[in-house]
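K.L.:
Just passing along the structure, written as structure tokens.
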Amino acid sequence: MKGVIEELDWDGMGILRTGGREVYVPFTAPGDVVEVIKWRRKKRKLIAIDFEVVKPSPERTEPRCPHFGTCGGCALQHIPYGSQIAFKETKLSNILGIAVKVRPSPVIYGHRNRIDVVISAKGIGFRRRGMWWDAVDIDECPIFGGISKKVLKSLREFIEDHRPSLYEIKKNEGFLRYIVVREGKFTGELMVNLVTSKGTLPEDFPAYFDYADSIYWSVNRTKSDVSYGEIEKSWKSEFIKEKLNDVVYLVHPNSFFQTNSYAAIMLLEEVSKRIDGEKVLDLYSGVGTFGVYLAKRGLKTEGVEVNPFAVEMAKRNVELNGVDAVFRVGMDRDVGNLSTYDTVVLDPPRSGLHPKLIRKILKDKPESIVYVSCNPRTLAGNLQYLSEKYSLDSAVGIDMFPHTPHVETVAKLTLKV
């Protein structure tokens, strides 16, 4: 099967239409002439698994990472960055039904402040695209930056010296499973978290990473392929810090933080300028990323979050920044009367708002809503229900994830008169 890639689908795969069929070809660009040798069916789609780019499109650019095309981390490094932004603007505009601009990330390599590196018998790196049981062996990650090379070199030295067993996911065997690296891009502070199965870690492990500000050993006692676990031991600092504009945040191995610090500043600014009034509810508040930032600007902020540990982190961030904000543990659909707030900030998981919360919003009718979404499809679905009483005033995309099809959206909703 041979033909020209006409366009990209919403997941960043090239679409080849030939012989009455549509085949989705990863790592291709509009204008590429490709020959598809083998494909498989997944969720009613034909996905190319063996193909060749016979004639590259003039749209292509040279990927910086030598592992691009095999590693599952990036899908669009071969597309010029300006074209990536145009693709995301078209995607958002089509999904939301209005023209949406996307703000580019100020940094497009070395922007990620966290990577979760697989340690396996197959390799030390990232999962191979489409193969959960395999891994691509890497020396560094250009998306994270130069310190990744130093950390992975130290890890390999530790493995060579001590010969611990490496995890085999299909057998659920092996000791070393992940190393998670986190960096404060604006503070330069570094955290290393080794995630293992149950076992004994050599006592000199921290010595291999003596340049890190915070070192952890976590144990995952389950079969789940996750890059976190119960903290077994730590060395040096309990946290690292990141600074976004004038706000400092504590980062812990088991807490979520926006993965692109440079674009996170733009995200905070876009949310901040859409706030009406002085009393704000930060729902799905996490570690207080939005709530603490808004409190720093003199707003009376309350945060509600279901994860008790995240709430504890938010309280520490309040104390660290000396702001007036209150955070508590609670369910999204069990909050009080929303009409008592001038603006409600929503930052739900990818699945979107709980139906009970949507009904509560429509009942309580807060004057203003700022909706932050990492999934434009669920955002569009939620907006359709909320349109019963709300108008979509504005929306902007933030490119938190260069070289991937993902895009963050900030939408402003106001109550209809």
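The values are calculated or read from the model by the stated rules, or taken from the named source; none is laboratory data. In this text, all values refer to a predicted model and were calculated from it rather than measured experimentally. When we count neighbours, we look across all protein chains shown, and the Cβ atoms used for this are built from the backbone with ideal geometry, even at glycine. Heads up: the accessible areas ignore ligands, DNA and RNA and are worked out on the full protein's heavy atoms, side chains in. Shrake-Rupley method; radii C 1.70, N 1.55, O 1.52, S 1.80 Å.
K.L.:
Residues V335, V311, V326: which one is out of contact with any Asp or Glu (no Cβ under 7 Å at 6 or more places or on another chain) and in contact (Cβ under 8 Å) with a residue 12 or more places away in the chain?
P.N.:
Working: V311 fails: out of contact with any Asp or Glu (no Cβ under 7 Å at 6 or more places or on another chain); V326 fails: out of contact with any Asp or Glu (no Cβ under 7 Å at 6 or more places or on another chain).
The unique qualifying residue is V335.
K.L.:
Given the options L250, L353, L267, L281, name the one that is assigned to a helix (DSSP H, G or I) and either open to solvent by 20 Å² or more (accessible area, probe 1.4 Å) or out of contact with any His (no Cβ under 8 Å at 6 or more places or on another chain) (or both). Working first, answer last.
P.N.:
On the way: L250 fails: assigned to a helix (DSSP H, G or I); L353 fails: assigned to a helix (DSSP H, G or I); L281 fails: assigned to a helix (DSSP H, G or I).
Just a single option satisfies the conditions, and that option is L267.
K.L.:
If you scan the stretch 85-109, which residues turn out to be within 17 Å of the chain's Cα centre (by Cα), surrounded by fewer than 17 Cβ atoms within 10 Å (Cβ to Cβ) and of a type in the set (A, V, I, L, M)?
P.N.:
Selection gives V107 alone.
K.L.:
Residues in the stretch 47-64: is at least one of a type outside the set (A, V, I, L, M), within 20 Å of the chain's Cα centre (by Cα) and at pLDDT below 95?
P.N.:
At the first step, the residues of the stretch 47-64 found to be of a type outside the set (A, V, I, L, M) are 50-52, 55-64.
Going one step further and asking which of them are within 20 Å of the chain's Cα centre (by Cα), we end up with none.
Looking for residues that are of a type outside the set (A, V, I, L, M), within 20 Å of the chain's Cα centre (by Cα) and at pLDDT below 95, one finds none in the stretch 47-64, hence no.
K.L.:
Which of (1) over 18 Å from H403 (Cα atoms); (2) surrounded by fewer than 16 Cβ atoms within 10 Å (Cβ to Cβ) does G82 not meet, given it meets every other one?
P.N.:
It fails just one condition, (1).
K.L.:
State which residue pairs qualify: first residue part of a loop (DSSP other than H, G, I, E, B) and at pLDDT 95 or above and inside the stretch 190-215, second residue crowded, with 22+ Cβ neighbours inside 10 Å and not hydroxyl-bearing (S, T, Y) in any location, beta carbons under 7 Å apart, and separation of 6 or more residues or different chains.
P.N.:
Short answer, once both residue conditions are applied: S197/R177; A212/M191; A212/V192; D213/M191; D213/I240.
Conditions tested, residue by residue: (1) in contact with a His (Cβ under 9 Å, 6 or more places away or on another chain); (2) hydrophobic (A, V, I, L, M, F, W, C); (3) open to solvent by 20 Å² or more (accessible area, probe 1.4 Å).
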position: M331; (1), (2), (3): yes, yes, yes
position: P376; (1), (2), (3): no, no, no
position: Q384; (1), (2), (3): no, no, yes
position: M400; (1), (2), (3): yes, yes, no
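K.L.:
Right, here's the next one. When you scan the stretch 358-380, how many residues do you find that are among the hydrophobic types (A, V, I, L, M, F, W, C) and either at positive phi or not in a helix (DSSP H, G or I) (or both)? Give the steps one after another, and end with the answer.
P.N.:
Initial filter on the stretch 358-380 (among the hydrophobic types (A, V, I, L, M, F, W, C)): 358, 361-362, 369-370, 372, 374, 379-380.
Still in the list and also either at positive phi or not in a helix (DSSP H, G or I) (or both): 369-370, 372, 374.
Qualifying residue count for the region: 4.
K.L.:
Residue check, I179 against (1) under 25 Å from V251 (Cα atoms); (2) open to solvent by 10 Å² or more (accessible area, probe 1.4 Å); (3) in contact (Cβ under 8 Å) with a residue 60 or more places away in the chain; (4) not in a loop (DSSP other than H, G, I, E, B), all met but one. Which one?
P.N.:
Of everything listed in (1) under 25 Å from V251 (Cα atoms); (2) open to solvent by 10 Å² or more (accessible area, probe 1.4 Å); (3) in contact (Cβ under 8 Å) with a residue 60 or more places away in the chain; (4) not in a loop (DSSP other than H, G, I, E, B), I179 misses just condition (2).
K.L.:
Out of K149, K171, which single residue is in contact with a strand residue (DSSP E or B) (Cβ under 9 Å, 6 or more places away or on another chain) and either open to solvent by 10 Å² or more (accessible area, probe 1.4 Å) or charged (D, E, K, R) (or both)?
P.N.:
On the way: K171 fails: in contact with a strand residue (DSSP E or B) (Cβ under 9 Å, 6 or more places away or on another chain).
Checking each option against the conditions leaves just K149.
K.L.:
Identify the single condition in (1) surrounded by fewer than 20 Cβ atoms within 10 Å (Cβ to Cβ); (2) touching a helix residue (DSSP H, G or I) at 6+ places or on another chain (Cβ under 7 Å); (3) of a type in the set (G, A, S) that G291 does not satisfy, given that it satisfies every other one.
P.N.:
(1)
Yes or no, residue by residue, for (1) over 23 Å from the mean Cα position of the chain (by Cα); (2) surrounded by fewer than 17 Cβ atoms within 10 Å (Cβ to Cβ):
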{"site": "V271", "(1), (2)": "no, no"}
{"site": "L299", "(1), (2)": "yes, no"}
{"site": "E302", "(1), (2)": "yes, no"}
{"site": "R328", "(1), (2)": "yes, yes"}
{"site": "D334", "(1), (2)": "yes, yes"}
{"site": "P348", "(1), (2)": "no, no"}
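K.L.:
Output the number of residues of the stretch 16-30 satisfying the condition of being crowded, with 16+ Cβ neighbours inside 10 Å and either among the hydrophobic types (A, V, I, L, M, F, W, C) or in a loop (DSSP other than H, G, I, E, B) (or both). Step through it out loud before you land on a result.
P.N.:
Within the stretch 16-30, the first condition is being crowded, with 16+ Cβ neighbours inside 10 Å, and the residues that meet it are 16, 23-30.
Subsequent filtering for residues that are either among the hydrophobic types (A, V, I, L, M, F, W, C) or in a loop (DSSP other than H, G, I, E, B) (or both) retains 16, 23, 25-30.
Qualifying residue count for the region: 8.
K.L.:
May I pose another question? From R40, R60, grab the single residue that is part of a strand (DSSP E or B) and open to solvent by 60 Å² or more (accessible area, probe 1.4 Å).
P.N.:
Details: R60 fails: part of a strand (DSSP E or B).
Residue meeting the stated conditions: R40.
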